[in-house]
Amino acid sequence: MVSVVSGSTAALQGQIKRDQLDLNDWVTCVSAKTPKGKAEIQKISGEISAAKERIAEIQASKGASATPSHSSTPESRDHGGLVDVWA
């Protein structure tokens, strides 16, 4: 599950970088002041914000799922509370 989360976060970060490049192109373009340019700038800015929010959600859920549960069973005590997740 962690690799899927990491992969999702990495994909979103890559998308943010591409969108920021596109945004920079639009902002510095002579068309930036036109209605189409303004709409495109707003659209790309919204996509960047949405991706950043999604990353924050993923990281928050990752932190919540990483909260250790303490078990008092003899099996967990024998192994220092570690669980073999590859088994």
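Of note:
- Meets criteria (within 15 Å of the chain's Cα centre (by Cα) and at pLDDT below 95) for residue 66: no
- Flag set for residue 51, criterion: in contact with a Leu (Cβ under 6 Å, 6 or more places away or on another chain) and modelled with pLDDT of 95 or more.
- One residue stands out among those in the stretch 1-17 that are surrounded by fewer than 14 Cβ atoms within 10 Å (Cβ to Cβ) and at pLDDT 90 or above: the one that is farthest from the chain's Cα centre (by Cα), which is 17.
- Near pairs, Cβ below 6 angstrom, 6+ apart or cross-chain, from the stretch 45-63 (in contact (Cβ under 8 Å) with a residue 40 or more places away in the chain) to any residue that is surrounded by 15 or more Cβ atoms within 10 Å (Cβ to Cβ): 54/12; 55/9; 55/12; 58/9
The values are calculated or read from the model by the stated rules, or taken from the named source; none is laboratory data. Computed from a predicted structure; not experimentally measured. Counting neighbours? That spans all protein chains shown, and the Cβs are built from the backbone with ideal geometry, glycine included.
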